[in-house]
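Q: I have a structure here, written as structure tokens, and I will follow up with some questions on it.
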């Protein structure tokens, strides 16, 4: 089976665009990725489009009405916060299987404001507010407090994640917010769900990201190997059944399973990874995922953040883009936006936030429900 490469990739500057349609937002990043590859929509053999809130609206086909309808097959997918990464993975699979040589993957979302989760569909007595909360700030606050109970992780250590990621965002012109937030400002911000203050919660924004993927033969034919990024691993998991209290969602297991499979597929280990873009939907989540991804042993995540090991210039920089906390979290776009960030570093094109000498990068997204997608990307040459 052919290796698969990213030959073109782009994302728009995340923000809020109430005056624009979802297909228009998607089209901007799609055209950017095509331009980056030096190709057009006429060169694409298939399109995968990830979108959550308009999942039944055939966003992929409507996007093609903006940039060119060529009759190619279009697959629209929805998979919680892993939606964009799932679109990318399905596009990767199509090339890996030998069905196509060059395809386009797009992730897009137009978000509202307010808290995510806590839906109450179905009959009977709702659990929301009675048996805990399904609102995402509460879910990840609870998971953070469980980590604190087991390992002594402190409020200050969780808050340092936001300080780090907000600092990184000042170096990223595509981030929604580019603002320093000192530790005392983070800790004294409005409390949303302890230990997550408002500045420790991800930002609901509009955005899109897109990638052009190609087989090795096609990359060589087009002469694009110089800036191509190899996809060393692409893994998607869901939670296995466990005998446990499901009022408290498991935010760890599917990531651990995906990480193990991704490292095995790529033939590398966590110590080989040069940078990571992970799903910091809340500051507590980033701490948990240090351990879930094997960046440190269980119970050592607080030490990693205290010592600056995950900051730019540290042992394994995490969320140099600013992460979901500052860059923003348009659900359907996040997975491919993470791939954009890592690919930019592997190409040596990240400017002031460049991770020097980066050759291997990992991206991670998790959607409760559950779905986890991990990709390992490699610099070519």
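Laboratory data are not the source of any read-out in this text; all were calculated from the coordinates shown. For clarity, every value in this text was computed on a predicted model and none was experimentally measured.
Q: Please work out, to two decimal places, the log10 of the ratio I(q)/I(0) at q = 0.11, 0.19 Å⁻¹ from a Debye calculation in which every Cα of the stretch 217-287 carries one identical scatterer.
A: Results for the stretch 217-287 at q = 0.11, 0.19 Å⁻¹ read -0.44, -0.96.
Q: Ok, one more. Between residue 264 and residue 2, 0.36 nm times their residue separation minus their Cα-Cα distance comes to what?
A: Going from the current span to full extension adds 92.5 nm.
Q: Binning at 10 Å from 0, report for the stretch 1-100 what percent of all alpha-carbon pair distances ends up in each bin.
A: Over the stretch 1-100, the share of Cα pairs per 10 Å bin runs 15, 49, 33, 4, 0 percent.
Q: Continuing with this model, one more query. Indicate, rounded to the nearest 5 percent, the antiparallel portion of the DSSP beta bridges found entirely in the chain.
A: 75 percent
Q: State the volume of the convex hull built on the alpha-carbon positions of the stretch 141-192, expressed per residue in Å³ and rounded to an integer.
A: 90 Å³
Q: Further, regarding this structure: How big is the stretch 153-237 in terms of Cα radius of gyration and Dmax, in angstroms?
A: Over the stretch 153-237's Cα set, Rg and Dmax evaluate to 19.3, 56 Å.
Q: Quick one: among 190, 28, 243, which has the greatest mean-square fluctuation in a GNM of the chain with alpha-carbon springs under 10 angstrom?
A: Highest fluctuation among the options: 243.
Q: With an 8 Å cut-off on Cα pairs and a minimum separation of 6 or more residues, tell me the relative contact order of the stretch 126-240 in percent.
A: 19 percent
Q: Considering only 164, 327, 198, give the residue with the highest GNM mean-square fluctuation for the chain, with springs between Cα atoms whenever their separation is below 10 Å.
A: Result: 198 has the largest fluctuation of those listed.
Q: Now for a different question. Please identify, among 354, 42, 242, the residue showing maximal mean-square fluctuation in a Gaussian network model of the chain using a 10 angstrom Cα cutoff.
A: Judging by the Gaussian network model, the answer is 242.
Q: While we're looking at this one, here's another question. Tell me, how many Å apart are the Cα centres for the stretch 247-286 and for the stretch 79-106?
A: Rounded to whole Å, the Cα centres lie 20 Å apart.
Q: Let me ask something else about it. Roughly what % of Cα-Cα distances in the stretch 298-381 sit above 22 Å, to the whole percent?
A: Summing the P(r) tail past 22 Å for the stretch 298-381 gives 29 percent.
Q: For the stretch 168-286, what class follows from the C-alpha gyration tensor (a ≥ b ≥ c being the square roots of its eigenvalues): rounded when a/c is under 1.5, otherwise prolate if a/b is larger than b/c, else oblate?
A: Cα axes put the stretch 168-286 in the oblate bin.
Q: For the chain, calculate the relative contact order in percent as a whole number, restricting contacts to Cα pairs under 8 Å that are 6 or more residues apart.
A: 26 percent.
Q: Quantify how much of the Cα-Cα distance distribution of the stretch 227-357 extends past 28 Å, in percent.
A: 14 percent
Q: Could you work out the relative contact order of the stretch 180-268, using alpha carbon pairs under 8 angstrom and six or more residues apart, expressed as a whole percent?
A: Across the stretch 180-268, relative contact order equals 19 percent.
Q: Additional query: Over what distance in Å are the Cα centres of the stretch 206-230 and the stretch 313-345 separated?
A: Measuring centre to centre over Cα atoms gives 19 Å.
Q: Now for a separate question. So what is the 222 nm mean residue ellipticity for the chain from helices alone, if each DSSP H run of at least 4 adds -39500 (n - 2.57) and you divide by all residues, rounding to the nearest 500 deg cm²/dmol?
A: -10000 deg cm²/dmol
Q: Return the inverse of the average 1/r over all pairs of distinct C-alpha atoms in the chain, which is the Kirkwood hydrodynamic radius, in Å to one decimal.
A: Answer for the chain: a Kirkwood hydrodynamic radius of 20.5 Å.
Q: What is the angle, in °, between the Cα long axis of helix 334-346 and the longest principal axis of the Cα atoms in the chain? Nearest 10 is fine, range 0 to 90.
A: Once rounded, one gets 70 degrees.
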